[in-house]
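**Q** Supplied in structure tokens, the structure appears directly below.
The values are calculated or read from the model by the stated rules, or taken from the named source; none is laboratory data. Small disclaimer: the values here were computed from a predicted structure and weren't measured. Glycine gets a Cβ as well: all are built from the backbone with ideal geometry, and neighbour counts include every protein chain shown.
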Amino acid sequence: MIFEYLGKDYGIELGVRKTYREANDLRALSSGRDAIASIDRKHFASLDDEPRAGDKIEFLDMPALPAFQVVDVRRDGQSRMQLHLVHIGAQA
């Protein structure tokens, strides 16, 4: 399994408008993390055993990491799948 927990910066709309014709600003940046796990499908006996959205993931060999929830599962067309995860609980 390959696990990436990388920092990311995202633009956020501020909603600052001087007149009704102006668009929202994207000046503010919010920092967050993008958690993705890539897993070989051979580790699952059948389609029913594969992870699905809503499943909880914990990395028992890395206790410093928080628990995650699967929000999306994407197959690469070959033998691997990518799990897109969100942090469960309070953010650090």
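**Q** How many residues are part of a loop (DSSP other than H, G, I, E, B), modelled with pLDDT under 90 and under 16 Å from the mean Cα position of the chain (by Cα) if we restrict to the range 27-57?
**A** 0
**Q** Is there a residue in the range 67-83 that is in contact (Cβ under 8 Å) with a residue 24 or more places away in the chain, in contact with a Leu (Cβ under 6 Å, 6 or more places away or on another chain) and outside any strand (DSSP E or B)?
**A** No, there is no match, as no residue in the range 67-83 is in contact (Cβ under 8 Å) with a residue 24 or more places away in the chain, in contact with a Leu (Cβ under 6 Å, 6 or more places away or on another chain) and outside any strand (DSSP E or B).
**Q** Which residues, counting only those in the range 58-83, are closer than 12 Å to F3 by Cβ, within 13 Å of the chain's Cα centre (by Cα) and not polar (S, T, N, Q)?
**A** F68, L83
**Q** Which residue is modelled with the highest pLDDT, if the candidates are limited to the range 62-89 and must be small (G, A, S) and closer than 18 Å to F44 by Cβ?
**A** Applying the filter and picking the extreme gives S79.
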